[in-house]
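The values are calculated or read from the model by the stated rules, or taken from the named source; none is laboratory data. Keep in mind it's a predicted model, so treat the numbers as computed, not measured. Here the Cβ is made from the backbone with ideal geometry for all residues, glycine too, and neighbour counts use every protein chain on show. The protein model used for the area step is the full one, side chains on, heavy atoms only, and it has no ligands, DNA or RNA in it. Shrake-Rupley method; radii C 1.70, N 1.55, O 1.52, S 1.80 Å.
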Amino acid sequence: VLDTILLLGIVLVLININGVESRKYSASLTDFGGVGDGATSNTKAFQAAIFNLSQYASDGGSLLFVPPGKWLTGSFNLTSHFTLHIHKDATLLASQDESEWAVIDPLPSYGRGRDADGGRYISLIFGTNLTDVVITGDNGTIDGQGVTWWNKFHKGELKYTRPYLIEIMYSNEVQISNLTLMNSPSWNVHPVYSSNVVVQGLTILAPVTSPNTDGINPDSCTNTRIEDCYIVSGDDCVAVKSGWDEYGIKFGMPTKQLVIRRLTCISPFSAVIALGSEMSGGIEDVRAEDITGINSESAVRIKTAVGRGNYVKDIYVRRMTMKTMKMVFWMAGNYGSHPDNDYDPNAIPVIQNINFRDVVAENVTMAARLEGIPGHPFSGICISDTTIGLTQKPKKIQWNCTEIAGVSSNVTPQPCNLLTDQGPDNACNFPEDSFTSAIV
């Protein structure tokens, strides 16, 4: 009875909370034998529930409600015109039994797994070729119980790449919102080859020393919004990607029309926002604003290398507040490894039209490290209205610039000579975004 009352309330308010029409059909996980005791496997219950609800995809859609409790589960696949709603007192616990994790093919734009050659373990919550899917809750929790995976990674015991918490592939109209994600085995949220994606209101937590626990990784996606998220990570809080070397070039799907706003990040060993290093399909039209970084390695980092090819261009960032940073701006043209030895040494990435304005940072060791590719400088860099307060023991050289070209205006400390001073009142560009989404 309690499940029914809770479920009715969820359905009635969905249209107001999540901006999607309420689903015509709904069910609770307990209707399919789910047991929320933290010990009983619910993999078959999730799979049976979603299989049953999938019949309503063309008839008003469906909702699966996860009531209060601790729900141990392996991987399960979502369906179209579907909402997974996790109650605030519910926790999904990822199974540590590897037999509950299928091995799937590597991503075609990567050519191999990230941790090992060959396949990868399927994500905890997975979906492909979907339309109109929502993963949400009133701050319900998904706990990846990643410590076992992290230990195997450190010991070199992995045969396949670790699973992510949420991965949605080849899909349109995706919303992931109002959840707490914890202890992912690897990346937390990975929309890939998808469009019209909204990620909002997430709290993402991982030990700052955990390996590759990126927060949100939009990958070869178009028209994506990431907003109002709090992320503590062992890797980049947001990592924008589009494929790896010759595989990403061949697949040819860029990440574009991306908005990141109202993000708070803690990541002592990585970036608040990273572009790359796997960017071989291209990255363009990215706008980030109202970003707070605390105790992070860098604010915005561009990572690329010879062999990556394609481009990172038309990047606009404004209103960043940084506290305790290794460095604020970091661009590297010699970053990262290759999937194999078949990459093209003539595939030179183009980095151009990178804009930063209205940045305030304090307790910083070094203002910037900007290193392009010899003979192929990063161009069109603009930094304006930026004040960087230094730590008590800063680096002697605050701006390390090689193979770059650009301008600056009203920046303290004084930038390197390769960023020509334009004088005051010459703010860098930040065009108004015109991105739209099928989910609002």
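Some values worked out for this structure:
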| item | result |
| --- | --- |
| Failed item, numbered, when T83 is tested on (1) of a type outside the set (G, A, S); (2) more than 20 Å from N52 (Cα to Cα); (3) part of a strand (DSSP E or B) | (2) |
| Test for N353: is it open to solvent by 10 Å² or more (accessible area, probe 1.4 Å), over 21 Å from G380 (Cβ atoms) and among the polar types (S, T, N, Q) | no |
| L78 being without any contact (Cβ under 8 Å) to a residue 60 or more places away in the chain, under 24 Å from T180 (Cβ atoms) and open to solvent by 10 Å² or more (accessible area, probe 1.4 Å) | no |
| Selection from segment 304-325 of residues that are among the β-branched types (V, I, T), open to solvent by 10 Å² or more (accessible area, probe 1.4 Å) and under 21 Å from the mean Cα position of the chain (by Cα) | T321 |
| Of residues in segment 170-182 being touching a residue at least 60 places away in the same chain (Cβ under 8 Å) and of a type in the set (S, T, N, Q), the one farthest from T136 (Cα to Cα) | N172 |
| Only one of V364, V360 that is crowded, with 21+ Cβ neighbours inside 10 Å and in a strand (DSSP E or B) | V364 |
| Positions within segment 230-247 being surrounded by 24 or more Cβ atoms within 10 Å (Cβ to Cβ), assigned to a strand (DSSP E or B), of a type outside the set (D, E, K, R) and out of contact with any helix residue (DSSP H, G or I) (no Cβ under 8 Å at 6 or more places or on another chain), in sequence order | I231, V238, A239, V240 |
| Counted residues, segment 30-51 - those being among the hydrophobic types (A, V, I, L, M, F, W, C) and farther than 12 Å from L92 by Cα | 6 |
| Among residues of segment 183-196, those that are of a type outside the set (F, W, Y) and over 20 Å from D143 (Cβ atoms), counted | 5 |
| The listed residue being touching a residue at least 40 places away in the same chain (Cβ under 8 Å) and among the polar types (S, T, N, Q), out of T40, T91 | T91 |
| Qualifying residue in segment 125-138 (condition: buried (at least 16 other Cβ atoms within 10 Å of the Cβ), in contact (Cβ under 8 Å) with a residue 24 or more places away in the chain, assigned to a strand (DSSP E or B) and in contact with a Lys or Arg (Cβ under 8 Å, 6 or more places away or on another chain)) | yes |
| Failed condition for Y335, given (1) open to solvent by 30 Å² or more (accessible area, probe 1.4 Å); (2) touching a residue at least 60 places away in the same chain (Cβ under 8 Å) | (2) |
| Filter pass, S408 being without any contact (Cβ under 8 Å) to a residue 40 or more places away in the chain, part of a strand (DSSP E or B) and more than 29 Å from the chain's Cα centre (by Cα) | yes |
| Test for A102: is it touching a residue at least 24 places away in the same chain (Cβ under 8 Å) and either within 17 Å of S41 (Cβ to Cβ) or open to solvent by 50 Å² or more (accessible area, probe 1.4 Å) (or both) | yes |
| Cβ-Cβ under 7 Å pairs, at least 6 apart or on other chains, segment 140-169 side among the acidic types (D, E), far side open to solvent by 10 Å² or more (accessible area, probe 1.4 Å) and in a loop (DSSP other than H, G, I, E, B) | D143/N183 |
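Quick grid of which residues meet (1) at pLDDT 95 or above; (2) touching a Cys at 6+ places or on another chain (Cβ under 6 Å); (3) in a strand (DSSP E or B):
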residue	(1), (2), (3)
I383	yes, no, yes
I388	yes, no, yes
C401	yes, yes, yes
P415	yes, no, no
N429	yes, no, no
